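Report on the following structure.
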Amino acid sequence: MNSNIDNIYSFSEEELLCTLLIRENFKDTEISNSFYSMEEILSAILYKYLEKYEKCDLTEEELINWLKKNSRYNLLTDLIKNEIKKLLFPQEINGKIVDTTDEFVYTNLEALLEIMKDELFYNIEFEKNYNPKKVKKLPSLNEQDFDIYIKSFLKIVDPSSEWQEIYEKALKNGNIIFTAKDDLETKKKIFEKFSLKQYGFKVEDFRWNCFFSYNEEPYIIIERNYDIGDFCSFIHEFSHFLQSINKNDNKIPPILREYTSTFYELVSIDFLKALGYENNVLDKLLHKRAHNTYEAGIDTIMIFNFMKKVLTTGKITAKEEIETASKVVKLNENLEKKEKEKIQMTNPYYFDATKYSEQNCDYVISCLLKDTDDFNRKYPYVLGSYLAHATLNKVKNADLSFEEIKYLMENLASIDTYDIFKLIGFDVKQLKLKKVKN
Ligand SMILES: [Zn+2]
């Protein structure tokens, strides 16, 4: 390869610049949600430097190969550093300062990585053992029963009736909005009324079971299927609603955002069990939650792994990555012939350490570039699920009461995350968690 290319590109700073340029260029475009391959990203870099590119007598393919060889791990390091920064410093999203500061996560990143892996494996097991054929359709639930279920459920988790009053008031004031699955017209109206586009949503891929706050006023949108799934989804979103009417809502650490909503969703499934719904039906509802956690966790685990490397060694190097990958390759090579063939069919890179490592690297780069807020949005689901399962066990063993959890939920913003782990009954020493010093 032509040695004068090294003079054309001095990479470390330029990579970062390119990254920023790509992000800027793709941010508001129609294709901003589509997936970029490393090829596309590097082509975009090349395009920006076309003038320089024309000066050297290499083909685009040769130049892309050169870029990959010399820059992919540096580019990954820069992007990961950026993700760490996002965990620590306040972010500006759509001109609004969003406080994502989470020193607890930063201080305990390594310990949390292990916790996330545990939670992810738990959900992978669930996914593996789940048979979707057992229940095709969830039992139906009409409008009247939906309301009765919610009120009886709220009476159990909050005997003071405070939450039921909040629910009734929200219904009366139009803060709970129902849509039907195929009612695109109503959805478009909601979309325009609340300018949901500003949150980066698109009407066709907007999740219609959601909570959002518009001009500080909280709303819940529920897409009705008229089955018992509506009830569990509603309980999840209503928990966010309750979090938000707490004055300090914007200070709830992101790590705890999905904690109580996942917890109450799990309790709502238990509630259905008490009503006599069969196990297969309950499994379908539990699977929906487990699947979401699994989906959110797969990418985040890789990102957390790279974060750990950057935190401990300062950067991600090709040599170390390939060394780590060679351990995986060795494991794959020791598999039985049948298993080996199966893997070979899905991905031949699993038997080549260099290619395996490069593929992981390129994949994470693409993930981080295609959606700049993806990681911040996803990781709370995995940790939230972990805390929710533990809390549910405590409740089942009568070690925690619904009253205590209600208190916890209403004070998420002011209780130290470390103390929450302790309250739920975790052995913080065994988990290697450290309290954040103020
Ligand atoms: Zn949620």
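Remarks
- Under Stokes-Einstein, with the Kirkwood radius over Cα pairs as Rh, the value for the range 112-219 at 25 °C and 0.890 mPa s is 139 µm²/s.
- Pairs from the list Lys85/Lys193; Lys86/Lys327; Lys117/Lys330; Lys69/Lys315 with a Cα-Cα gap above 26 Å: Lys85/Lys193; Lys86/Lys327.
- Protection proxy ranking, highest mean first, for peptides 234-241, 401-408: 234-241, 401-408, where packing is the per-residue count of other beta-carbon atoms within 10 Å, averaged.
- As a proxy for reagent exposure, His291, His389 were ordered by neighbouring Cβ count within 10 angstrom, fewest first; the result is His291, His389.
- Packing-based ranking of 72-82, 307-317 yields 72-82, 307-317, ordered from highest to lowest mean Cβ neighbour count within 10 Å.
- Over the range 293-364, the fraction of Cα-Cα pairs per 5 Å bin, rounded to whole percents and listed from the shortest bin up, is 3, 16, 21, 22, 19, 13, 4, 1, 0.
- Cα-Cα over 29 Å, subset of Lys284/Lys434; Lys378/Lys434; Lys128/Lys202; Lys137/Lys342; Lys288/Lys429: Lys284/Lys434; Lys128/Lys202; Lys137/Lys342; Lys288/Lys429
- A simple count of charges around Ser357, restricted to other residues whose Cβ falls under 14 Å of its Cβ and scoring Lys, Arg +1 and Asp, Glu -1, yields +2.
- Vicinal HN-Hα couplings computed from phi for the range 421-428 (Karplus, 6.51 cos²θ - 1.76 cosθ + 1.60; Hz; Gly/Pro x): 4, 5, 4, 6, x, 6, 7, 4
- D_trans [Stokes-Einstein, Kirkwood Rh over alpha-carbon pairs] for the range 220-322, 37 °C, 0.692 mPa s, µm² s⁻¹: 200 µm²/s
- q = 0.10, 0.16 Å⁻¹, the range 138-275: log10 I(q)/I(0) [Debye, one scatterer per Cα]: -0.33, -0.88
Read-outs throughout are calculated quantities, based only on the coordinates presented, and are distinct from any laboratory measurement. These numbers come from a predicted model, not from an experiment. In this analysis, Cβ positions are derived from the backbone assuming ideal geometry, glycine residues included, and neighbour counts consider all displayed protein chains.
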